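Single-structure report; data block below.
The values are calculated or read from the model by the stated rules, or taken from the named source; none is laboratory data. Predicted model only: the values in this text are computed from it and were never measured. All Cβ positions, glycine included, derive from the backbone under ideal geometry; neighbour counts span all protein chains shown.
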């Protein structure tokens, strides 16, 4: 018999000791592993649950898009812009009020997917994501988890229709917004297309094929995705940079400007030309008059005084160089294509001088230029633009509102006022009226800036206008571009005046 003090007993004792130590080590390791698993499960099933459930490749999203009756989309007055019908098989498909809203609202098609707001808010419209965060977390336990929500928009169908009618057969874009709230009142891109025919299973293939063959690219939402040379409307950006950085003031004049009106301004071997206002004679223009007659030479000189770094920096405060935070994806506006060593990414002083009056490698979206006008109108404060103002769940009655949000203060109030008064002079002044004919709203103090964007070659330039009204209490800001529309005062300015008048007429009703 083996006793406690025997060699065998000692051997058994030595073999048991490591087991105890191993268990003491394994226990915490297992506890840590379970903690990591629990944390991961909590993260993905709670914190990231909404993101995962609304992902485009989620089978639940795909199934809901095909079988669930999507929520409605309504304009600011409650007019239904998008609703659903059922085909002969009982499956829902989308129907839209008319073609004017197509580039913005987009389409929802079984065959071609989604576009526009239908894509951006697909999860909400199908009820995959709910307006109530707590219900969103618990919906997996609901036997009927889908709760399609209605989208309420800030957009006015009446203004959409007026802008599309005003553009007519021209290719172009219009953005109208409230400068105090950032609410988009109209966002028009022409040509438009028939989104109902795209969504209808019976006509979708034929209609979509025709749209894709159209060289005018109706599927491009020009206000947010179109990039254009801005021409003289960019002088307002240069004004913000100049006054904001104190490189210029309201009283700034350039002695060489009057003489250069005749022979051009020589910048490192390149001549900046501007001979379209000889009536100013030998007058050295101050800031307001330079805006009124849209003097390229004055702004080329101002741009060189501001410098590339400051011009690029102040443009960035207005939203250049980054996607604009918005309901829809936005192309990035640029002051220069970058890569240069002169300062701010400019290649040299020639490029800087040309950029200061909106030529060179400067490219902008119409939405960006509407925000420039709105910032000046709003006393230097840039509001985040937005289209969707509410999400409403008919099933639960819950409503989530999306209110105004300040993006940033760009400019001091006094400097913004200096620019606003100069823009008023550009519309209402005796010289300014020559370049912005038709922009003034009768009985309303109107501010603005026209632009003629030279594209090279023999075609007509793009016609631009940005502005706002009334000057003393701005309620509407606008940007208009008409591709190959000629001078800004010939096409874009009178259209802008017509649309701002339509806005005020609607306010009276």
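The one condition from (1) part of a loop (DSSP other than H, G, I, E, B); (2) under 21 Å from the mean Cα position of the chain (by Cα) that residue 338 does not meet is (2).
You will find that of 81, 117, the residue that is touching a residue at least 24 places away in the same chain (Cβ under 8 Å), closer than 19 Å to residue 192 by Cα, surrounded by 14 or more Cβ atoms within 10 Å (Cβ to Cβ) and more than 19 Å from the chain's Cα centre (by Cα) is 81 and no other.
Of the helices (runs of 4 or more DSSP H) lying entirely inside segment 183-266, those carrying at least 1 residues that are modelled with pLDDT of 95 or more and over 24 Å from residue 282 (Cβ atoms) are 195-199, 204-213, 222-225, 235-245.
Of the residues that make up segment 477-488, is at least one surrounded by fewer than 24 Cβ atoms within 10 Å (Cβ to Cβ), under 27 Å from residue 326 (Cα atoms) and at pLDDT 95 or above? Looking through segment 477-488, at least one residue is surrounded by fewer than 24 Cβ atoms within 10 Å (Cβ to Cβ), under 27 Å from residue 326 (Cα atoms) and at pLDDT 95 or above. Taking the criterion of being surrounded by fewer than 24 Cβ atoms within 10 Å (Cβ to Cβ), in contact (Cβ under 8 Å) with a residue 24 or more places away in the chain and not in a loop (DSSP other than H, G, I, E, B), the residues of segment 419-442 that qualify are 420, 421, 425, 434. Scanning segment 75-95 for any residue that is within 22 Å of residue 402 (Cα to Cα), part of a helix (DSSP H, G or I) and at pLDDT 95 or above turns up nothing. Taken together, the criteria place residue 230 among residues that are touching a residue at least 60 places away in the same chain (Cβ under 8 Å), in contact with a strand residue (DSSP E or B) (Cβ under 8 Å, 6 or more places away or on another chain) and under 21 Å from residue 481 (Cα atoms).
For segment 359-401, how many residues are part of a loop (DSSP other than H, G, I, E, B) and either surrounded by 16 or more Cβ atoms within 10 Å (Cβ to Cβ) or in contact (Cβ under 8 Å) with a residue 40 or more places away in the chain (or both)? Explain how you work it out, then say what you get.
First pass over segment 359-401, keeping only residues part of a loop (DSSP other than H, G, I, E, B): 359-362, 365, 378-380, 384-385, 387, 393-398.
Next, only the ones that are either surrounded by 16 or more Cβ atoms within 10 Å (Cβ to Cβ) or in contact (Cβ under 8 Å) with a residue 40 or more places away in the chain (or both) stay: 359-362, 365, 378-380, 384-385, 387, 393-396, 398.
The number of residues fulfilling the criteria is 16.
Screening segment 302-333 for residues that are free of Cβ contacts under 8 Å to residues at least 60 places away in the same chain and surrounded by fewer than 22 Cβ atoms within 10 Å (Cβ to Cβ) and picking the one that is farthest from residue 382 (Cα to Cα) gives 304. On the stretch given as segment 320-346, residues that are closer than 30 Å to residue 123 by Cβ and touching a helix residue (DSSP H, G or I) at 6+ places or on another chain (Cβ under 6 Å) total 5.
Inspection of segment 453-476 finds a residue satisfying the criterion of being more than 17 Å from residue 179 (Cα to Cα), in a strand (DSSP E or B) and modelled with pLDDT of 95 or more.
Can residue 131 be described as part of a loop (DSSP other than H, G, I, E, B), at pLDDT below 95 and over 21 Å from the mean Cα position of the chain (by Cα)? For residue 131, the condition - part of a loop (DSSP other than H, G, I, E, B), at pLDDT below 95 and over 21 Å from the mean Cα position of the chain (by Cα) - is met. Within segment 341-358, the set of residues being outside any loop (DSSP other than H, G, I, E, B) and modelled with pLDDT of 95 or more comprises 346, 349, 350, 351, 352, 353, 354, 355, 356.
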